[in-house]
Amino acid sequence: MTEAAAAEQTGDRLVQTNPDYDPDVIIETQNLTKVYRDFWGRQKVRALKALDLEVRKGEIFGLLGPNGSGKSTTIKLLLGLLFPTSGRALVFGKDSTETTKNERIGYLPEESYLYKFLTAEETLDFYGRLFDMPSDVRQQRIDSLIEKVGLTWAKRRQLKEYSKGMTRRIGLAQALINDPDLVLLDEPTSGLDPLGTREMKDMILELKSQNKTVVMCSHLLADVQDVCDRIAILYQGELKELGAVDDLLQVSDETSVRARGLPQEAHEEIAQVIRKHGGDVVAIENPRTTLEELFLNIVRESEERPGRRATSEDREQGS
């Protein structure tokens with residue numbers, strides 16, 4: 001039996017279809033283009049234009065851009081829900097249109113399409129059966145995931161009684177039921193309050209710690225900045241920027257110095273040193289936190305000290 005025939009017989013089509021496959025490259029797009037046409041075949045919208053990128057194993061990769069920039073189209077092309085107009089997308093070394101690869105993928109769409117008359121347990125059991133999971137493994141995954149997304153208290157309630165944030169949580173659990181190697185998240189924090197958003201981002205970071213690959217698309221800049229290793233910025237279907245978040249955000253011609261407990265007179269001395277070396281003093285001021293961090297700190301302090309309003313000194317001591 002030839003090597004190619006053996007690969008076909010054992011189902012190892014990944015190596016056969018792409019002998020140059022690098023297992024560390026989970027996603028690769030080559031000149032990927034998608035054009036939507038009208039009834040007469042005329043070009044209506046160019047949703048994606050000649051996209052070239054790689055997503056490597058174990059990283060959190062962000063697709064960032066305003067609405068209509070091509071983020072969701074890219075996700076659907078990777079899943080094989082859409083066919084490219086030209087170019088190609090490879091997932092695990094296989095063409096994205098090959099459905100067998102989807103057994104290793106978890107997907108959270110922008111809008112969760114779940115059966116409202118089912119409970120959380122029944123929902124996860126239904127999707128677990130689609131993957132032919134043994135009953136004992138399926139039940140273990142259901143219990144673990146419901147606890148992970150914080151819905152143990154509502155696991156026997158029908159989804160029609162869930163808020164949008166709760167529905168988002170069970171949608172993430174559904175995306176993880178098959179213990180996927182690649183997780184695709186389309187606007188994962190949509191509909192979540194600040195606490196739910198922070199918990200969702202923590203769960204995404206936990207997936208990375210498990211060596212899973214995550215691709216998330218969002219138009220919320222803070223969400224992407226907090227969790228992503230690398231990002232691609234799309235605008236009107238074109239790739240405008242690609243790189244590591246830290247590298248893209250670094251302002252190379254400015255220097256930041258942070259200190260605690262400096263008296264006011266030290267500020268002028270520092271400013272004189274900067275001018276002495278030919279620099280311009282842009283600002284010497286107290287650093288600012290983010291509104292998200294302020295909100296989360298206040299909630300945590302309220303739980304620790306019920307009935308008492310926390311002061312700024314309390315927050316400084318707790319930071």
(request) Output the peptides 146-154, 61-69 sorted from most to least packed, where packing is the average of other Cβ atoms within 10 Å over each peptide's residues. (result) 61-69, 146-154
(request) Apply 1/(1 + (r/R0)^6) to the Cβ-Cβ distance of residue 131 and residue 259, taking R0 = 51 Å, and write down the FRET efficiency to the nearest 0.05. (result) 0.40
(request) Putting +1 on Lys and Arg Cβ atoms and -1 on Asp and Glu Cβ atoms, find which of 234, 200, 217 reaches farthest to the positive end of the dipole of the stretch 105-235. (result) 200
(request) Would you kindly derive the ³J(HN,Hα) couplings of the stretch 206-211 from the backbone phi angles with the Karplus curve 6.51 cos²θ - 1.76 cosθ + 1.60 (θ = phi - 60°), listing them in order in whole Hz, with x for Gly and Pro? (result) 5, 4, 4, 5, 8, 6
(request) Would you mind telling me the antiparallel percentage of the DSSP bridges in the stretch 3-249, rounded to 5? (result) 55 percent
(message) With the crude spin-label approximation of a point 7 Å out along Cα→Cβ, what separation in nm comes out for residue 270 versus residue 300?
(response) 2.5 nm
(request) Quickly rank 201-210, 233-242 as a protection proxy: mean count of other C-beta atoms within 10 Å, highest first. (result) 233-242, 201-210
(request) Work out, in µm²/s and without decimals, the Stokes-Einstein translational diffusion coefficient of the stretch 124-272 at 10 °C, 1.306 mPa s, Rh from Kirkwood over C-alpha pairs. (result) 86 µm²/s
(request) Calculate, for residue 179 and residue 116, the FRET efficiency according to 1/(1 + (r/R0)^6) with r their C-beta to C-beta distance and R0 22 Å; round to the nearest 0.05. (result) 0.25
(request) With the Cα gyration tensor of the stretch 3-249 in hand, give its eigenvalues times 5 under a square root as the equivalent ellipsoid semi-axes, listed largest first in whole angstrom. (result) 29, 23, 18
(request) For residue 56, enumerate residues with amide H under 5 Å from its amide H, sequence gap 5+ or separate chain, H modeled in the peptide plane. (result) 26
(message) Quick check: pseudo-label points 7 Å beyond the Cα along Cα→Cβ at residue 283 and residue 44, how many nm apart are they?
(response) 4.6 nm
(message) At a 10 angstrom cut-off on C-beta neighbours, averaged per residue, how do the peptides 155-162, 130-137 rank from highest to lowest?
(response) 155-162, 130-137
(request) Mind giving me the nanometre distance, one decimal, between the label points for residue 95 and residue 30, set 7 Å out from Cα along Cα→Cβ? (result) 1.2 nm
(request) May I ask you to list the lysines whose Cα is less than 17 Å away from that of residue 212, ignoring any residue fewer than eight positions away on the same chain? (result) 57, 101, 148, 201
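Values quoted throughout were computed directly from the atomic coordinates according to the rules given, and no laboratory measurement underlies them. These figures come from a predicted structure and were not determined experimentally. Cβ atoms come from the backbone with ideal geometry, glycine included; neighbour counts cover every protein chain shown.
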